[in-house]
1. Could you say which residue among Ala103, Ala73 is at pLDDT 95 or above, under 15 Å from Ser38 (Cα atoms), of a type in the set (Gly, Ala, Ser) and buried (at least 16 other Cβ atoms within 10 Å of the Cβ)?
2. What strands (runs of 3 or more DSSP E) completely inside the stretch 25-136 contain at least 3 residues that are more than 13 Å from the chain's Cα centre (by Cα)?
3. Out of contact with any helix residue (DSSP H, G or I) (no Cβ under 9 Å at 6 or more places or on another chain), closer than 23 Å to Arg148 by Cβ and not polar (S, T, N, Q): which single residue out of Glu40, Glu10, Glu18 fits that description?
4. Of the residues Asn96, Asn131, Asn138, only one is touching a helix residue (DSSP H, G or I) at 6+ places or on another chain (Cβ under 7 Å), among the polar types (S, T, N, Q) and touching a residue at least 40 places away in the same chain (Cβ under 8 Å); which?
5. Failed condition for Ile44, given (1) hydrophobic (A, V, I, L, M, F, W, C); (2) modelled with pLDDT of 95 or more; (3) more than 24 Å from Pro141 (Cβ to Cβ), with all others met?
Amino acid sequence: MIAVIQRVKEASVFTGGELFSNIGNGLLVFLGIHKSDSEEDSRILAKKIIDLRIFSDENDKMNLSLRDIGGEALIISQFTLCTDNGKSGNRPSFINAELPERAEKLYILHIEEMKLSYDSKKIKNGAFGENMQIKLCNDGPVTIILQRNINT
């Protein structure tokens, strides 16, 4: 499981030209689910994201978590994070990405675990399997990549 996490002032996801979900200050998380990922990987990564200390404290040091600032999170499923990093050619392969049925279950589990670990009203999601447009205002910019059980 791989998560690309961006600290944002705000973020919105649109499908079919319509607003699907949005957040204010917090984290935009792009989540890729590999074939080898488990429910435990999803739970562990969810808790790690909630407690990731990438927000500035009173001394302008990255020392505060989403929980500490009372921020929001927007979780977007993104299978394209699961490329095999092709050793030849220029076209990425997504052979390592989990099949949609199981990926959706782990994605939902991940969101539910974040809601249980934090504040369910502050955890939002994208539209799994849909073509989405994302608008964001990156704060910093700060972008962190977390991986859990990558067997590629």
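1. On inspection, the qualifying residue turns out to be Ala103.
2. So the answer is 62-64.
3. Just one listed residue meets the conditions, Glu40.
4. Criteria check complete, one pass: Asn96.
5. (2)
The values are calculated or read from the model by the stated rules, or taken from the named source; none is laboratory data. The model shown is predicted, which means the values in this text are computed figures rather than measured ones. Note: ideal-geometry Cβ built from the backbone for every residue, glycine included; neighbour counts use all protein chains shown.
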